[in-house]
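All remarks here apply to the structure that follows.
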Amino acid sequence: MHTSASHTQPWAPPCGADVRMVQVGPHWDAVRAPEALGERALALLGGASGAVIADYNLMYWLIRPGSAQNWRRIRQVQTLGTGRVETSYIGVPPIDRVSGPYLHWRVPLGPGRCLTDADRLREALVRAVVAELGIGTGEEGR
């Protein structure tokens, strides 16, 4: 990956075949969803999705740090990063690994395509939960 922004260097995808473990929070937070919900959310987001990392049956969106801190819980979806007690790490695959089922870029990182807008992602995931699971509003506690 060629980048001129030095602040992206600490989490830039690795070169070669190795995966790099990156702490969630300092550079981006992440939203994890099961593959079925994730694929439906991707379809709803269309071109509005940023980069997405997939690992077997899980998908991870990268979002601006703190942007999901006040989300109401969504069934089967977990937010990782800012505001959490636990420290989380995500495996970041090499930039050219775009197929799986092992760790890969489901939506490759690219110029102008890194972080997903958290509000749009939340809306797509709630709609995906309703469609996939056939339950109420998709949010827990309602």
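Could you compute the net charge surrounding residue 49? Neighbours are other residues with a C-beta less than 15 Å from the C-beta of residue 49; K and R count +1, D and E count -1. Neighbour charge sum, excluding residue 49 itself: +3. Seen from residue 81, the other residues with C-beta closer than 11 Å to its C-beta sum to a net charge of +1, counting Lys and Arg as +1 and Asp and Glu as -1. Rounded to the nearest 10 degrees, the angle from helix 35-45 to the longest Cα principal axis of the chain is 90 degrees. The angle between the Cα long axis of helix 118-133 and the longest principal axis of the Cα atoms of the chain comes to about 50 degrees, rounded to the nearest 10. Normalised Debye scattering of the chain at q = 0.21 Å⁻¹ gives log10 I(q)/I(0) of -1.37, counting only Cα atoms as equal scatterers and leaving out solvent. Highest mean first, the peptides 46-55, 33-42 sorted by other C-beta atoms within 10 Å per residue fall in the order 33-42, 46-55.
We did not get these values from a lab; they are worked out from the coordinates using the rules stated. It should be emphasised that the depicted structure is a prediction, and the values quoted were computed from it without experimental measurement. Because the Cβ atoms are built from the backbone with ideal geometry, glycine has one as well, and the counts that use them run over all protein chains shown.
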